[in-house]
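A.B. asks: I have a structure I would like to understand better, so I am pasting it below and will then ask my questions one at a time.
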Amino acid sequence: MKIIDCHTHFPGEVLGAQPRPIEQIRAEFERAGLCGAWIFTVDGLRKESARNNDILAESTRNHRDFFVPFCTVDPHDGAETAIKELQRAQRQLDMKGLKLHPWLQAFSLTHPAVLPILRKAGELGMPVIFHDGTPPYSSPLQIAAAAEKCPQTTIILGHAGLDYLYNDAIIACRRLPNIYLCGCAVSSGYLKQIIESCDINRILYGSDGGFAEGIVEHAIDKYLHIGLDEAVRQKIFYDNPQKLLPTRYKNG
Amino acid sequence: MAMIIIDCAARIEAKNGKLQASDWLEEMERAGIAHAVIAASDEFVTVYNEQGNRQILELARRYPEKLSGLAAANPWYGEKALEQLEEYLVEGLKGLYLNPQRQGFLLTEKIVHPLIKVCDKYAAVVYCHTGTPVCSMPFQLANLARTFPRVKFVMGHAAWSDFSGYDVFPAARQADNIFVETSCGGKGLVRRLTDELAPERVLFGSGYPRSNARVEINKLKSLNLSGEIENKIFYENARNLWNLDLSD
């Protein structure tokens, strides 16, 4: 089974993580069974987003047959600056998507820069993955309200609401065709409900891998014990992410 | 002519196993509140709905000029909750009081739908405590309101605190059948509600006993809203929403 992980992190100095070489992370992910991984900056969510975009792009430069790097921007920089950085990240750094983390980046979805950023990401064909499931800034329906105003932008709820708000994530996904759910860090019982309730073509697998070893395996394991048939797993693990961001992986 | 004030958010405190209205009636007098839509609190909202509803109905009948009541029905009681709600709406209570964080459900869970259907049947209003993650947030109420567009909902306490400055507005705009009640939040919020939502969708609430009726009245009055808008918020909107017949 080919597996693309749609939610991994390049650990830096924040959130208690330890910086590690990208080669080490790749080896760990490959051992866990991944053929590819979308990867996000962590430090860039807290400070110097442009500099940390550079760091992630440079770190993954020789690993584009495995890693798909996402950039971040800071809405507090204002829409104009954030959009410039988004464009730079795509054109100069070849980054493929945008990661936003409202509570870590301390912005509300009602911040005036958010909608322009999301719309520009849609124009550029860059999917936007949000941290979600954490009140007060990152609930699925807050994100859905923004997604509803940006129908051309692919919006991914990076945690499918987490355990507390998965029900809201299901509602968001069922209501809006541009919303995808990544089941990262959701308990397996809820994961099953999510998969059974939503368009299976818009469910993604993710692990939060990168922070520590063993995360990826545990996340994969959840999908193996909830009665999913092979065809469903194939969509979640591989087909769906490939449709969103077609990538030529070395082993995929 | 003095402004008539209707309070849309007073809860009668439970003391010694009984709802005690005397403190609230005195507070009404002090604050100059003409009429209040009251609900039970504590165990009478969560567990002892029948006893609480009976006391609320008795108060509304004893003080018809001053009090109207809402029924509490915990959705986890299933059929019993539906019977309870229907019985007390027929007897004259004005709507349903929901407090998801206390009653233990998410506003997005379907367990609450049968109760809302009863409200739909009787054209009864749903007042909902909001502002508490993860169960009673503005967009969750908006989702419920969109699911039941004929039913009128009150977004209690304007989702104070974490959501007041943000989600209240886009959530309320998602569903025209949502009214926003002003208690507990800041002054600026009420100003924004009148400017950015619609004065017709704003309701005065004391938030008693969580807040103080006089403080809440002063909060609104200090905004120096036009007399017309003040009248809508303090009186007209509530009278229309709850279908109150307040004879002079």
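A.B. asks: Suppose we keep only residues that are assigned to a loop (DSSP other than H, G, I, E, B) and over 18 Å from A:C6 (Cα atoms) within region A:110-131. Which one would you say is nearest to the other protein chains (Cβ to nearest Cβ)?
C.D. replies: Among those that are assigned to a loop (DSSP other than H, G, I, E, B) and over 18 Å from A:C6 (Cα atoms), it is A:T110.
A.B. asks: Is it the case, given these coordinates, that A:K222 is modelled with pLDDT of 95 or more and basic (K, R)? Reasoning before the result, please.
C.D. replies: Details: modelled with pLDDT of 95 or more: no; basic (K, R): yes.
Judged against the criteria, A:K222 is not a match.
A.B. asks: Out of the residues in region A:194-211 that are in contact with a Gly (Cβ under 7 Å, 6 or more places away or on another chain) and assigned to a loop (DSSP other than H, G, I, E, B), which is nearest to A:G227 (Cα to Cα)?
C.D. replies: Step by step, filter region A:194-211, then rank; the result is A:Y205.
A.B. asks: Moving to a separate point now. Looking at this structure, is B:I116 within 14 Å of chain A (Cβ to nearest Cβ) and not in a loop (DSSP other than H, G, I, E, B)? First the steps, then the outcome.
C.D. replies: On the way: within 14 Å of chain A (Cβ to nearest Cβ): no; not in a loop (DSSP other than H, G, I, E, B): yes.
Here the answer is no, as B:I116 does not meet what is asked.
A.B. asks: A follow-up question, please. State whether one or more residues within region B:71-87 are in a helix (DSSP H, G or I) and in contact with a Ser or Thr (Cβ under 7 Å, 6 or more places away or on another chain).
C.D. replies: no
Conditions tested, residue by residue: (1) part of a loop (DSSP other than H, G, I, E, B); (2) in contact (Cβ under 8 Å) with a residue 24 or more places away in the chain; (3) in contact with a Gly (Cβ under 8 Å, 6 or more places away or on another chain).
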| position | (1), (2), (3) |
| --- | --- |
| A:T153 | yes, yes, yes |
| A:Y164 | no, yes, yes |
| A:D168 | no, yes, yes |
| A:R174 | no, yes, no |
| A:K192 | no, yes, yes |
| A:H218 | no, no, no |
| A:L228 | yes, yes, no |
| A:R233 | no, yes, no |
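A.B. asks: Out of contact with any Ser or Thr (no Cβ under 6 Å at 6 or more places or on another chain), within 14 Å of chain A (Cβ to nearest Cβ) and among the small types (G, A, S): which single residue out of B:A171, B:A124 fits that description? Outline the logic, then answer.
C.D. replies: On the way: B:A124 fails: within 14 Å of chain A (Cβ to nearest Cβ).
So the residue among B:A171, B:A124 that is out of contact with any Ser or Thr (no Cβ under 6 Å at 6 or more places or on another chain), within 14 Å of chain A (Cβ to nearest Cβ) and among the small types (G, A, S) is B:A171.
A.B. asks: On the basis of being more than 14 Å from every other protein chain (Cβ to nearest Cβ) and of a type outside the set (K, R), does B:L59 make the cut?
C.D. replies: yes
A.B. asks: Among the residues of region B:136-168, count how many are buried (at least 22 other Cβ atoms within 10 Å of the Cβ), assigned to a loop (DSSP other than H, G, I, E, B) and touching a Pro at 6+ places or on another chain (Cβ under 6 Å).
C.D. replies: Residues in region B:136-168 being buried (at least 22 other Cβ atoms within 10 Å of the Cβ), assigned to a loop (DSSP other than H, G, I, E, B) and touching a Pro at 6+ places or on another chain (Cβ under 6 Å): 2 in total.
A.B. asks: Being in a helix (DSSP H, G or I) and either out of contact with any helix residue (DSSP H, G or I) (no Cβ under 7 Å at 6 or more places or on another chain) or in contact (Cβ under 8 Å) with a residue 60 or more places away in the chain (or both) is the filter here, so list the residues in region A:4-34 that pass it.
C.D. replies: So the first thing to find is which residues in region A:4-34 are in a helix (DSSP H, G or I), and the list is A:22-32.
The answer is A:E23, A:Q24, A:I25, A:A27, A:E28, A:F29, A:E30, A:R31, A:A32.
A.B. asks: Pick out the one residue from A:A82, A:A145, A:A37 that is more than 14 Å from every other protein chain (Cβ to nearest Cβ), part of a helix (DSSP H, G or I) and at pLDDT 95 or above.
C.D. replies: Only one candidate qualifies: A:A82.
A.B. asks: Further question on the same structure: Within 13 Å of chain B (Cβ to nearest Cβ) and either touching a residue at least 60 places away in the same chain (Cβ under 8 Å) or in contact with a strand residue (DSSP E or B) (Cβ under 8 Å, 6 or more places away or on another chain) (or both) - does that describe any residue in region A:95-102?
C.D. replies: There is at least one residue in region A:95-102 that is within 13 Å of chain B (Cβ to nearest Cβ) and either touching a residue at least 60 places away in the same chain (Cβ under 8 Å) or in contact with a strand residue (DSSP E or B) (Cβ under 8 Å, 6 or more places away or on another chain) (or both).
A.B. asks: I've got another one for you. Which condition does A:I143 not pass, out of (1) more than 15 Å from the chain's Cα centre (by Cα); (2) crowded, with 24+ Cβ neighbours inside 10 Å, if it passes all the others?
C.D. replies: For A:I143, the exception is condition (1).
A.B. asks: Can you report the number of residues in region A:1-54 which are under 26 Å from A:K250 (Cα atoms) and among the charged types (D, E, K, R)?
C.D. replies: 9
The values are calculated or read from the model by the stated rules, or taken from the named source; none is laboratory data. What you are looking at is a predicted structure, and each value in this text was computed from that prediction instead of being measured. Ideal geometry is used to build each Cβ from the backbone, glycine not excepted, and the neighbour counts take in all protein chains shown.
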